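Since the structure comes first, as structure tokens, the remarks are kept for the end.
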Amino acid sequence: MPECRIFDRARHLLPLLAILLMSGLAHAQTDLNYQMPAQVLADIIDAPPTPGVSLSPDNKWLLHLERPGYPPIAEVAQPELRLAGLRINPRSNGPSRGRTLNGLMFQNLESGKEVRVTGLPSNPRITSVSWAPNAKTVAFVVNIDDQLTLWSVEIKNGQAKQVSPAGMALNAVYGRPYTWLSDSKALIARAIPADRGDAPTEPVAPSGPVIQENLGKKAPARTLQDLLENPYDEALYEYYTTSQLVKLTLKGKATNINKPAVFRRVSPSPDGKNLLVQMVQRPYSYSLKEGSFPKKVDVWNLKGEVVYAVADLPLQDQIPISFGSVASGRRSFQWRDDAAAELLWVEALDGGDGGVETDERDRIFTLDAPFTGKPQVLATLSQRYGGVTWGNGKLAFVTSWWWKTRNVKVWLVQPDNRDQAHVLVQDRSWQDRYADPGEPVMHPNKYGRYVILTADDGNTIFLDGAGASPEGDRPFLDSMDLRTMETTRLFHSEAPYYENPVELMDVKKRTVLTRRESQTEPPNYFLRDLKQGGMEQKTFFPDPNPQLQGISKEQITYERNDGVQLTGTLYLPAGYDKEKDGPLPCLMWAYPTEFKSKKDAGQVTDSPYRFTRVWWGSPMLYLTRGYAVFDDPTMPIVGEGEEESNDTFIEQLVASAQAAIDVVVDRGVVDRDRIAIGGHSYGAFMTGNLLAHSDLFRLGLPRSGAYNRTLTPFGFQSEERTIWEAPDVYFKMSPFMHADKINEPILLVHGQADNNSGTFPMQSERMYGALKGHGATARLVMLPHESHGYRARESIMHLLWETDTWLERYCKDAQPRTLEAQEVSGS
């Protein structure tokens, strides 16, 4: 029986647990200050970031979004509250993590004229930038002395001004704290209530125990973090999430709407006359995040009067954990983008249980203003609802999906003629990238909502996509005749460039804005004339990392021992000469992915012609230190038909790694005895397993991983089964359970404030304890205040120093392995 196997295994683990307790889980050492890596690595990290860009709704202007470098640890270390899955900065009443902007500039695409935004505070911290529907004004949030304020700027003069009145602070806990109304003259903002008072103080002594209770109902939950733990947490959550809705004009007039509440979502109707509001209610939960808390969903007018009570949703703690399961009752509330005020929602027909066999899963309803009629059915789906892409009364695409088969279907429906039969336009595996026909090109309508762009005849739409192919990604732009569903190719990226259509600027003239790059040219924006064939460069962003100039890059395909096709990108340092320099030490960086078919798993990903951009997590950094880099060698885990992919996870993982090593070694550019393996998150999990179940690598560099699957008992990644249903799988896939087999050096890195599901910081601490208890060569680096990804400049520089030190010590300078080790690794 499975239970007996679990208890028997636990008995065998008792000696290991005793070792961990005796040895301790973290080895204390002399305090080590943040270290700096080699200068070439530091220079890359400190390079000025390339601005982002945002295209105006009328396609006339580019807004340059200028960004500072990585923030200092003092900024990242600001106070942080972790409540119900939210991370809150109590000083600003906004999110505690995220990047800011420090400058804005408009660029006219026709003339090239630049308009610098002026009138900003010194050293501005800008977030939440958005265009007004009329494309004349941009709104954004500025943090001034830890108070979030709303600002706007008009293109005509570039002069920024504060819109929110003095003394009003915005509440950004639930994301961007404002939304434009369609008239472009006013916005709906979430503000901190003026009479909120001081934050709750933590009681010196508790009033009683913290109790949770379940009375026989099944309420499984995946492993979650940052949950509420006691009444004080509840009070803090309510204090910081409560907002007052305010209508703000660009002239600064503020009008309160109804009373303060915990507004999770607020969405104006396209005509700007109604608000769809979603309010969180008690009772809260200590085992689920705030998205599962009870909610009241209403439609209000701008006076705050309830026009239509949409739903009163209970705590969502009864949703099955099988993939494809959803809440029962109404869900997925939204406005129809091409109508003045038509509400949409979805209801499950299977009780929300993805494990139930049925022919009908979901039904889509709509209800038009004034919301007094009977809801109308838009579509009934045999799979789970995936969204609606709106066009006009005769055109909308409804998407459905099903996890077990990885199937996606897209239907053409006519929202204003619902008796018309729906037309199936897509029916494929979403993992079949070669068959992806692309997504509809969108444009703003009179309400400022983005809808499907059509030609003047009303029968032609446009599609753009990645253009995945055996040669790599080749982005494209097509036209599609809705009467015949036939497509005509208008643009296709050609070697040696990777060129991605950004926007179809003019349908009649066939001009398109593209983002173009090559192996040697950084991404920039170009205006193409598809009729005449001309092209004009519009931006001139320089190479942000000249230290990497001269490197070689090659996308290579190869085969696993079971016939699955694999792909990876091989980089070699600048100036490398195989005949002169011989085989190099190599850093391999990967991330495993589950597939339902070998055919889909073997498809080529990415493009060989993309520019090499690096960031702190890029293995290509180490090209500057004399390493070859094999980036993203595919590690597919395939489970065809009724097979569960994880039943053979280890075998497929090791086979993929072996194939990756063989292909680069056979080229004569990589030394088989000096290869390091690394990865982040599930890639760290992969790294631990490869070290435990093979001797293919010299060392491992896992970051922010999960190593003990008994700590995620209700499923992980793509695994639907619980530990009680598949105990052997959980045991076999847990590197922690096989720590005694790891005989290669391993550098574990983890953010002390990791909030990713399943990757508790404890995962790395326990893994290090197990390794140390068995005498492994191991090092544990816990980065203060860092989450699943790392932000502070000091943290990043230290991470690179640690990584570079271990690569130099245990990979580059490593001696050849013994014959026995080579035989184990399959050499």
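Worth a mention:
- Contact map, the stretch 689-713: first residue closer than 18 Å to residue 629 by Cα, second residue of a type in the set (Lys, Arg), Cβ cut-off under 6 Å, separation 6 or more or different chains; pairs are 698/674.
- Number of the exception - residue 116 against (1) surrounded by 18 or more Cβ atoms within 10 Å (Cβ to Cβ); (2) of a type outside the set (Gly, Ala, Ser); (3) out of contact with any Leu (no Cβ under 6 Å at 6 or more places or on another chain): (1)
- Checklist (1) under 23 Å from residue 291 (Cβ atoms); (2) of a type in the set (A, V, I, L, M, F, W, C); (3) touching a Gly at 6+ places or on another chain (Cβ under 8 Å) applied to residue 181, failing item: (1)
- Test result for residue 324, at pLDDT below 95 and buried (at least 20 other Cβ atoms within 10 Å of the Cβ): no
- Each residue in the stretch 245-273 was checked for being open to solvent by 20 Å² or more (accessible area, probe 1.4 Å) and either without any contact (Cβ under 8 Å) to a residue 60 or more places away in the chain or on the phi < 0 side of the Ramachandran plot (or both), and 18 of them qualify.
- Filter pass, residue 675 being at pLDDT 95 or above, closer than 30 Å to residue 402 by Cα and in a strand (DSSP E or B): no
- Residues that are buried (at least 22 other Cβ atoms within 10 Å of the Cβ) and either without any contact (Cβ under 8 Å) to a residue 24 or more places away in the chain or in a helix (DSSP H, G or I) (or both) within the stretch 724-735 comprise 730, 735, listed in sequence order.
- Qualifying positions in the stretch 62-101 - more than 23 Å from residue 286 (Cβ to Cβ), touching a Pro at 6+ places or on another chain (Cβ under 6 Å) and part of a loop (DSSP other than H, G, I, E, B): 67
- Of all residues in the stretch 357-374, those satisfying the criterion of being in contact (Cβ under 8 Å) with a residue 24 or more places away in the chain and buried (at least 17 other Cβ atoms within 10 Å of the Cβ) are 361, 362, 364, 366, 367, 369.
- Residue within the stretch 681-688 that is outside any helix (DSSP H, G or I) and under 22 Å from residue 618 (Cβ atoms) present: yes
- Scope the stretch 285-307; condition open to solvent by 50 Å² or more (accessible area, probe 1.4 Å), outside any strand (DSSP E or B), under 23 Å from residue 86 (Cβ atoms) and modelled with pLDDT of 95 or more; matching residues: 289
- Among (1) open to solvent by 20 Å² or more (accessible area, probe 1.4 Å); (2) touching a residue at least 40 places away in the same chain (Cβ under 8 Å) - the single one residue 472 does not satisfy: (1)
Conditions tested, residue by residue: (1) open to solvent by 30 Å² or more (accessible area, probe 1.4 Å); (2) more than 13 Å from residue 476 (Cα to Cα); (3) hydrophobic (A, V, I, L, M, F, W, C); (4) part of a loop (DSSP other than H, G, I, E, B).
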{"site": "498", "(1), (2), (3), (4)": "no, no, no, no"}
{"site": "509", "(1), (2), (3), (4)": "yes, yes, no, yes"}
{"site": "514", "(1), (2), (3), (4)": "no, no, no, no"}
{"site": "521", "(1), (2), (3), (4)": "yes, yes, no, yes"}
{"site": "527", "(1), (2), (3), (4)": "yes, yes, yes, no"}
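- Condition met for residue 153 (open to solvent by 10 Å² or more (accessible area, probe 1.4 Å) and closer than 30 Å to residue 446 by Cβ): no
- Taken over the stretch 774-820, residues that are over 20 Å from residue 756 (Cβ atoms) and either modelled with pLDDT under 95 or assigned to a strand (DSSP E or B) (or both) amount to 11.
- Subset of the stretch 314-343 [under 26 Å from the mean Cα position of the chain (by Cα), hydrophobic (A, V, I, L, M, F, W, C) and not in a loop (DSSP other than H, G, I, E, B)]: 333, 335
- Residue tally, condition within 16 Å of residue 810 (Cα to Cα) and either out of contact with any Cys (no Cβ under 8 Å at 6 or more places or on another chain) or open to solvent by less than 10 Å² (accessible area, probe 1.4 Å) (or both), over the stretch 663-686: 7
- Of all residues in the stretch 763-797, exactly one satisfies the criterion of being open to solvent by less than 40 Å² (accessible area, probe 1.4 Å), farther than 15 Å from residue 615 by Cα and β-branched (Val, Ile, Thr), namely 781.
The values are calculated or read from the model by the stated rules, or taken from the named source; none is laboratory data. This structure is a prediction, so every number in the text was calculated from the model and none was measured. Ideal geometry is used to build each Cβ from the backbone, glycine not excepted, and the neighbour counts take in all protein chains shown. With ligands, DNA and RNA removed, areas are computed over all heavy atoms of the protein, side chains included. Shrake-Rupley method; radii C 1.70, N 1.55, O 1.52, S 1.80 Å.
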